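The values are calculated or read from the model by the stated rules, or taken from the named source; none is laboratory data. Keep in mind it's a predicted model, so treat the numbers as computed, not measured. So basically every Cβ, Gly included, is an ideal-geometry build from the backbone, and we count neighbours across all protein chains shown. We work out accessible area using only protein heavy atoms, side chains counted, and drop any ligands, DNA or RNA first. Shrake-Rupley method; radii C 1.70, N 1.55, O 1.52, S 1.80 Å.
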Amino acid sequence: MTTIDRAFIHAKLATLSGEGLGVVDDGAVVVSGDRIAWVGATDDLPTEARAASVEVLDLSGRWMTPGLVDCHTHLVFGGDRADEFEKRLEGVSYEEIARGGGGILSTVRATRDASLEELVDAASSRARGLISEGVTTLEIKSGYGLDSETELRMLRAAAGVQERLALNVRKTFLGLHALPVDWAEDRAGYVSYVIAEVFEAALAEGLVDAVDAFCEGIAFQPEECTTFFEAARKQGVPLRLHADQLSDLGGGALAAWMGALSADHLEYASAASAQAMGEAGTVAVLLPGAFHFLRETKAPPVDAFRANRVPIALATDLNPGSSPMGSLLTAMNLGCVLFGLTPVEALRGVTVNGARALGVAEAVGSIEVGKMADLAIWEVGHPRELAYWLGRNPCVGRVFSGRLDDLD
Ligand SMILES: [Zn+2]
C-alpha cells in the first residue's frame, strides 16, 4: 500500500458500491493522498494504517457515505426571480411568464449585467449551502448568457467556484436553453452561432465538461437539439438533455439514441423513452424541486424506469426560476414523497447515479479503493434518515480529496 495519511475507523459505512447501500457495520476507510486506499471492517484494518504517522479518526459509530453529488444545477446566475414566484402564486403559468419576456430571459438580462466576480460570489454562497450537506461534486450549467461573452463568463464563474471552495465542479455548456429575442426570426442561425462561435470558444478555453440543451415547446425542437449534439459528439464532448419536462417531445429517447449521459426532468417521458434509456444506459435525472415549485401534477414514470433498469439520479436543479432550492437533502425528500422513490433509491440518486450522470462514476460516487476520498459523515441512526427529514441537516463532517473539513 502507498503512503497512508489517515484512517477513519468505527464508522457505519454505506459504500454505495454494488446494489443497494453496501453497508459495512463497523467499517474503516483508509486514505492515501486524495484517494481511498482501503475499505473494510475496522477489525481487519491493515497494520500500516495503525502506524504512528497515520492520523486515526474514530467515528464512534457515525454513518459515512460517499460525498454527495448534485448533478444538475444552474448555480451561476445574476439576480433572482422572487417576483415571478409571487406572480405564479397569483395564477400566472411558467409558460405565460416565459412568453411575456420573463422567465429565463429576465435572468439573462441580470446575468449579462453581472461581473465575473459578482457571479462567483453569489454562486459560492449557494454552493456553501450544498457543501454543508456533504456535497463534494457539483455540476454547474451555463445558459443564461445566450451570447458568447456571457456564456464564457458563466463557465469561468463555475471554474471560479471550484478554485474558491473545496469542491469538484463539472462545467456544462447549456448551449440551447432559450432563444434570445434578437434571434427570434432566425432559429437556425442561432443554433449555428451557438455551435460555431460560443461552443468552439468555450471548448478552446477548456471550459466544457459536457453540453446540454432544453428540448421543449417553449425552447428548442428535437431537430435543433440533434444538430447541436452532433457537433458536440464530433468533439467527443458528453451530452445531457433537459427532456420531456412540460410535454412529451420524445426527449428521453432522443437522449438515448444520441448516447447522452442523461436525460433530465422526464415528467412526460413515454414508455418508449424509458425503454430506449434502459437499453442505452442513459441516466434519468429527476428534479422534484422544479415539479414542486411549478406545482406540476404529472410525476415522471418511475415504475417504467425501474422496469427498464434505468439508473435514477436526483438533483436540486438549483436555479432562480423554476427551482430556487439550495438543498440536495430536500431533493431527496421530495423525490421520495412526490415521485415515490425509496430512500435507498434517493441516496443512490445523489451518489453513484449522480456521478454516472456526470460521467465521473470512475472517480466519485461510492466508497471504493482508487476513488477520490470524498466522503460525508452523518449523525443518523440509518441512511434512510437523509431522505426522511425535511429542513434538517444531519451532516456532521465532510472529507474532500482526503481532507476533513469542520462543519460545526
Ligand atoms: Zn435544468
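From the gyration tensor of the Cα coordinates in segment 52-183, what semi-axes in whole Å does the equivalent ellipsoid have, largest first, with each one equal to sqrt(5λ)?
Value: 35, 18, 12 Å, ordered largest first.
Name the long-range amide H neighbours of A313: under 5 Å, sequence gap of 5 or more, or other chain; modelled H, no Pro or chain starts.
A284, V285, L286
For segment 165-206 and segment 24-93, what is the separation of their Cα centres, given in Å?
Their Cα centres are 31 Å away from one another.
Can you give the relative contact order of segment 66-201 as a percent, counting alpha carbon pairs under 8 Å and 6+ residues apart?
On the way: 194 pairs, mean separation 37.9, N = 136.
Relative contact order of segment 66-201: 28 percent.
Using Cα springs under 10 Å in a Gaussian network model of the chain, which residue among I131, I377, I97 shows the largest mean-square fluctuation?
I97
For a quick check: with amide H placed at 1.01 Å from N, whose amide H comes under 5 Å from L176's, ignoring anything fewer than 5 positions away on the same chain?
Amide H neighbours of L176: D212, F214.
Apply the Karplus curve 6.51 cos²θ - 1.76 cosθ + 1.60, θ = phi - 60°, to the phi angles in segment 230-240 and return the couplings in whole Hz, x for Gly and Pro.
Those phi angles translate into 5, 5, 5, 4, 4, 8, x, 8, x, 10, 10 Hz.
Using a cut-off of 20 Å between alpha-carbon atoms, which lysines can reach K12, once sequence neighbours fewer than 8 places away in the same chain are excluded?
In chain and number order, the partners are K371.
Using only DSSP helix segments of four residues or longer, with each worth -39500 (n - 2.57), what per-residue ellipticity at 222 nm results for the chain after dividing by its residue count and rounding to 500? Could you put the intermediate results ahead of the total?
On the way: 16 runs with 140 residues, N = 408.
For the chain, the value works out to -9500 deg cm²/dmol.
For the residue pair W257 and K234, what label-to-label distance in nm results when each label sits 7 Å from Cα along the Cα-to-beta-carbon direction?
Using points 7 Å along Cα→Cβ, the separation is 2.0 nm.
Check R35: other-chain or 5+ apart residues with amide H under 5 Å from its amide H, H built from backbone geometry?
For R35, the qualifying residues are A373.
How far apart, in nanometres, would the label points at V344 and H382 be if each is projected 7 angstrom from Cα along the Cα-to-Cβ direction?
In this crude spin-label approximation the distance works out to 1.1 nm.
Accessible area per residue for the chain in Å², computed with a 1.4 Å probe and the full protein assembly in place, what is it?
On the way: 15520 Å² over 408 residues.
Value for the chain: 38 Å² per residue.
How much net charge surrounds R233 when only other residues with a Cβ under 14 Å from its Cβ are counted (Lys, Arg +1; Asp, Glu -1)?
Numbers: positive: K234, R240; negative: D212, E230.
Summing Lys/Arg as +1 and Asp/Glu as -1 gives 0.
Cα atoms only, segment 176-239: Rg and Dmax in Å?
Computed over the Cα atoms of segment 176-239, radius of gyration and Dmax are 11.4, 32 Å.
Quick one: what does P(r) look like for segment 305-375 with 5 Å bins over all Cα pairs, in whole %?
Bin by bin from 0 Å, the calculated values are 4, 17, 22, 24, 19, 11, 4, 1.
Show me the ranking of peptides 75-87, 321-333 by mean Cβ neighbours inside 10 Å, starting with the highest.
321-333, 75-87
Could you tell me the relative contact order of segment 10-90? Use alpha-carbon pairs under 8 Å, at least six residues apart, and round to a whole percent.
31
With θ taken as phi - 60° and the coefficients 6.51, -1.76 and 1.60, list the Karplus ³J(HN,Hα) couplings across segment 274-281 in order, rounded to whole Hz; mark glycine and proline as x.
4, 5, 4, 5, x, 5, 8, x
What's the carbon and sulfur percent of segment 290-349's accessible surface, probe 1.4 angstrom, rounded to a whole number? Provide the component values of the computation, followed by the final result.
Working: 1100 of 2060 Å².
It is 54 percent, rounded to a whole number.
Using all Cα-Cα distances in the chain, what percent lands in each 20 angstrom bin from 0 up to the longest?
Reading the bins upward from 0: 29, 57, 14, 0.
Using Cα-Cα distances under 8 Å and only pairs 6 or more residues apart, what relative contact order does the chain have, in percent?
Relative contact order for the chain comes out at 19 percent.
Within straight cross-link reach of K234, meaning Cα distance under 27 Å, which lysines are found once same-chain residues fewer than 8 apart are removed?
Straight-line reach from K234, under 27 Å: K141, K171.
Taking θ = phi - 60°, what integer Hz values does the Karplus form 6.51 cos²θ - 1.76 cosθ + 1.60 yield along segment 40-53, in sequence order, with x for Gly and Pro?
With coefficients 6.51, -1.76 and 1.60, one gets x, 7, 4, 4, 9, 3, x, 4, 4, 6, 9, 5, 4, 6 Hz.
Can you pull the Kirkwood radius for segment 201-342, inverse mean 1/r over Cα pairs, to one decimal in Å?
It works out to 15.2 Å.
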